[in-house]
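Data first, discussion second: the structure below is written as structure tokens.
Quick note: the coordinates plus some simple rules give every number you see, no bench work behind them. Everything quoted here is computed from the prediction, not taken from an experiment. A quick note on method: Cβ atoms are made from the backbone with ideal geometry, for glycine too, and the neighbour counts reach across all protein chains shown.
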Amino acid sequence: MTGPTPIHEPTIAENGVLRPTHLEVDLERIAANYRAIQTHVGTVPVMPVVKANAYGHGLVPVGRLFADLGVPYIGLAYLEEGMRLREEGITTPILVLGGILGRQIPLFLEHDLALTASSVDKLEAIDACAAEMGRTAKVHLKIDTGMERLGVHWYSAEALLEASLRCRHLEVEGIFSHFANADAEDLAHARLQLERFAEVLRFYEDRSLPLPLRHMANSGAVAQLPESWLDLVRPGILLYGVYPSDECRRTVPVLPAMNWKSKVVYFKVVKPGHPVSYGSTWQSDHQVRMVTVPVGYGDGYPRRMSGRAEVLLRGRRYPVVGRICMDQVMVNIEWDSAYNDDEVILLGNGDDEIITVEELARWAGTIPYEILTGINTRVPRVYRNERSSQP
Ligand SMILES: *Cc1c(COP(=O)(O)O)cnc(C)c1O
């Protein structure tokens, strides 16, 4: 056995040789959130969802964390994400939740990734491919109960379930559906979806067949719809300490695991009436001090936050003024002091102040999911409380 594989190059981000802008990800926080969710759902197994670069926190380090924690299953959106975890030597069962194309099927089987079968055609293509390769495919049947995204509709699901009984080269390990409104205040639609799913599952009971693993609960449903937990829950955003919506009831004690930081790289005094940044949309009527910070929409700091965003500097909040550029922003510190190399917090905890992902989402007119997953790979991730991959 080889030792733990380094998952980042600490010298780059940690000693600040390259970009001062980086993300600090606290893996112990993510582990604690996982444990809080597990406690909340009792004996129901938890499948952490680590798609979209683990909601921006880093696919491989977070995937390895969950593998080390011994989770029963990992959930992902795309084939490539699953292949990446397999290349890293992660052997935990993985379910790819997204849609598949016929030509991708051999790669699923080669990498031992469970597939989502969302139609009879796809199921038969999986069975045929598995037969040809001399393997048994692991499949989860996808039922659409009201999201209108992937899966056979609940009212015509029987053909898929029947077809699955005829397939000889696959194992139907699970059957699942997905909520459209489980994070809402009003859970009527979520309950309706759950009823429709239960109707489909009667197929097994009527024939006295063993039920595959039934799963439906995303973060919203984990938080506020216990009757939907069934045999497995699939939380994503809640693992990262963020609730799926403002309305969703706060029932699980989780904490955010990410700080996005940068540093002052320039200080100047700006005269009244001298406009700042592209389009000259902002100017002061009095002389101000201003700093420039090397982060921009090219990193996933949304340009739509121009005129609204704030940052923390020396423990205080200051506004980002003028348009957010691709690689830089300007911050008005009025007549306070700041120096080159001072830390600037874009998201997360300062000493007493905090900037939440909900605030960034509000400034950008979007949801926390889009902010987290939008912080792109140009921003180096630095991992705190990294666990050894050795048992
Ligand atoms: C993304 C996703 C999840 C997790 O959703 P959260 O709202 O982040 O908890 C669960 N199931 C499926 C099918 C998904 O696509």
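Of note:
- For the chain: relative contact order, % (alpha-carbon pairs under 8 angstrom, 6 or more apart): 18
- In the range 189-253, the inverse of the mean reciprocal separation of distinct Cα atoms equals 12.9 Å; this is its Kirkwood hydrodynamic radius.
- Calculated P(r) of the range 302-391 - Cα pairs past 18 Å, %: 53
- The range 27-240: mean projected area of Cα convex hull, nm²: 11.2
- Note on the range 48-99 and the range 150-227: Cα centroid distance 23 Å, given to the nearest whole angstrom.
- Gaussian network model of the chain, Cα within-10 Å springs - most flexible of 301, 204, 55: 204
- Helix 188-206 axis versus longest C-alpha principal axis of the chain: approximately 30°, rounded to the nearest ten.
- Length released on extending from residue 249 to residue 43, taking residue separation times 0.36 nm less the Cα-Cα span: 72.0 nm
- Cα long-axis angle, helix 27-41 against the chain (0 to 90 degrees, to the nearest 10): 40
- Beta bridges per DSSP with both ends in the chain, % antiparallel, nearest 5: 50
- At 1.306 mPa s and 10 °C, Stokes diffusion of the chain via Kirkwood alpha-carbon radius, µm² per second: 69
- As a length-normalised measure over Cα pairs under 8 Å and 6 or more apart, the relative contact order of the range 258-355 settles at 35 percent.
- Applying both filters, DSSP loop and at most 12 other Cβ atoms within 10 Å, to the trypsin sites (Lys or Arg not before Pro) of the range 225-329 gives 250.
- Computed over every Cα-Cα pair of the range 258-355 and binned at 10 Å starting from 0, the pair-distance distribution P(r) comes out as 17, 53, 28, 2 percent.
- Mean residue ellipticity, 222 nm, helices only, the chain: the sum of -39500 (n - 2.57) across DSSP H runs of n ≥ 4, divided by residue count and rounded to 500, is -8500 deg cm²/dmol.
- Neighbour cut-off at most 10 other Cβ (10 Å), DSSP loop, chymotrypsin sites (Phe, Trp or Tyr not before Pro), the range 285-349: 335, 339
- Within straight-line cross-link reach of residue 122, lysines at Cα separation under 25 Å, skipping those fewer than 8 residues along the same chain: 51, 138, 142
- Inter-label distance for residue 278 and residue 189, nm, one decimal - labels placed 7 Å from Cα along Cα-to-Cβ: 3.5
- Trypsin sites (Lys or Arg not before Pro) within the range 116-215: DSSP coil, no more than 11 neighbouring Cβ in 10 Å: 168, 207
- Given the chain, longest segment not containing exposed loop GluC sites (Glu not before Pro) (DSSP; at most 15 other Cβ within 10 Å): 1-147
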